[in-house]
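Worksheet: one structure, shown below.
Coordinate-derived values only; no laboratory data. Because the structure is predicted, anything quoted here is derived from the model rather than measured.
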Ligand code: UD1
């Protein structure tokens, strides 16, 4: 297993280009299963999760053509098997996103249950309920979700009692080919849901209200091909900004979208960052100052994202003052803090609340990544630690950060991969 070695202490300075959003690319790749013609997806990030989704489509017999820029043309018409097997689903929960499109287009799907994961139980009951409301016959047996539809799915009113991102996406995709109108209430408003809706519209879907909590879909008989670039990754953007703020540096982040980062930018400003934005760039300058401790509470978009909580805990660990972090989305998402405590962070955890007393510097220690965003937070902690930190189980970071060593090296970080 590869490890990362980071020698801390340097303020990061320079420019970085942001990749396409993983969490937008995954549902969009799944959405290509809805079309009756080939769809080309562009600006895909080069990541393990994307490879897993492409592998999943390939296993179903779907023909893919990939060019050197990682633009992928997908022809769902070539599908042979309507099954998402356990070996792939267990490595990536987002595989569940093929469920809605397969039932809606081909009338049938068999998708392995994703099972547990490091950050909490993460059930998929709301995905199943939504499909049942649209007339699908869904049974869960032998670890698989087996869904069937007798003819087209039927439009329905679907109310989610918890805001779910992939749940909203699954039902939104299914509704595009259903007969009649569907109304999704308490829908997720995340920019990745909006990006998916825009892609579906480019394929000929009739959708309105995306980006609000009520999405209306008038089902159509067929969707056609299109060429669609995925939006910039707001979490990758936020991760670099936070890393630079923690190290008291200066950065220009390019190829990004500042309009979908309000909550994160506001908190970084509270921490003392000087931020300027343009149409597709963000500049952050700490002017050499130590960040100030800031409180955060995670919640669905447009509030502060749970996927940025770990990175902010690393920054708070070395900030001036005491901060309170509340995690309201996942019940077990503080595992990175135990590792940071081993690096000298002063953190008290009580259920879903953590109190962080900022220290001047952390000390290097061997640490272990437990999930994707936790690994990013340990990279930040290592960047502000004295000495050489070795981060184990770094495969988590390769699921969600394209070329992280190269990008950080360009910012002046001393980081190298130790192949394992
Ligand atoms: C997506 C993101 C993930 C992010 C999360 C929250 C992708 C591929 N992943 O995950 O990076 O951290 O949103 O912003 O886009 N829930 C249920 N029943 C369900 C579905 C969800 O109870 O059927 C609960 C979950 O346990 C959790 C909450 O709803 O407490 C939100 O989860 P959800 O938005 O579904 O997360 P994901 O879509 O899996």
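If both residues of a DSSP beta bridge must be in the chain, then about 70% of such bridges are antiparallel. Kirkwood hydrodynamic radius of the stretch 144-276, from the reciprocal of the average inverse Cα-Cα distance over all distinct pairs: 16.9 Å. Relative to the longest principal axis of the Cα atoms of the chain, the long axis of helix 48-59 makes an angle of roughly 20 degrees. Here the gap between residue 161 and residue 220, fully extended at 0.36 nm per residue and compared with their Cα-Cα distance, gives a gain of 18.6 nm.
Average projected area of the Cα convex hull of the stretch 120-182, in nm²? It is 4.5 nm².
Once the Kirkwood radius over Cα pairs is known for the stretch 63-159, the Stokes-Einstein relation at 25 °C and 0.890 mPa s delivers a diffusion coefficient of 168 µm²/s. Mean projection of the Cα convex hull over all viewing directions, computed for the stretch 270-339: 5.6 nm².
Computed on the Cα trace of the stretch 272-420, the radius of gyration divided by the Kirkwood hydrodynamic radius gives Rg/Rh = 0.95.
In the stretch 22-91, the ratio of gyration radius to Kirkwood radius, Rg to Rh, stands at 0.93 when only Cα atoms are counted.
What angle, in degrees between 0 and 90 and rounded to the nearest 10, separates the Cα long axis of helix 372-383 from the longest principal axis of the Cα atoms of the chain? It is inclined by approximately 20 degrees.
Helix 22-31 and the longest principal axis of the Cα set of the chain meet at an angle near 10°. Based on the Stokes-Einstein relation at 25 °C and a viscosity of 0.890 mPa s, and on the Kirkwood radius from alpha carbon pairs, the chain is assigned a translational diffusion coefficient of 113 µm²/s.
If you wrap the stretch 199-281 in the convex hull of its Cα atoms and look at it from every side, the mean projected area works out to 6.9 nm². Across the stretch 180-278, the relative contact order, built from alpha-carbon pairs under 8 Å that are at least six residues apart, equals 22 percent. Kirkwood radius and radius of gyration were both taken over the C-alpha atoms of the stretch 1-134, and their ratio Rg/Rh is 1.04.
Note on the stretch 76-218: along the principal axes its Cα atoms extend 36, 35, 25 Å, ordered by decreasing extent. Inverting the pair-averaged 1/r between distinct Cα atoms of the stretch 219-328 gives 14.8 Å as its Kirkwood hydrodynamic radius.
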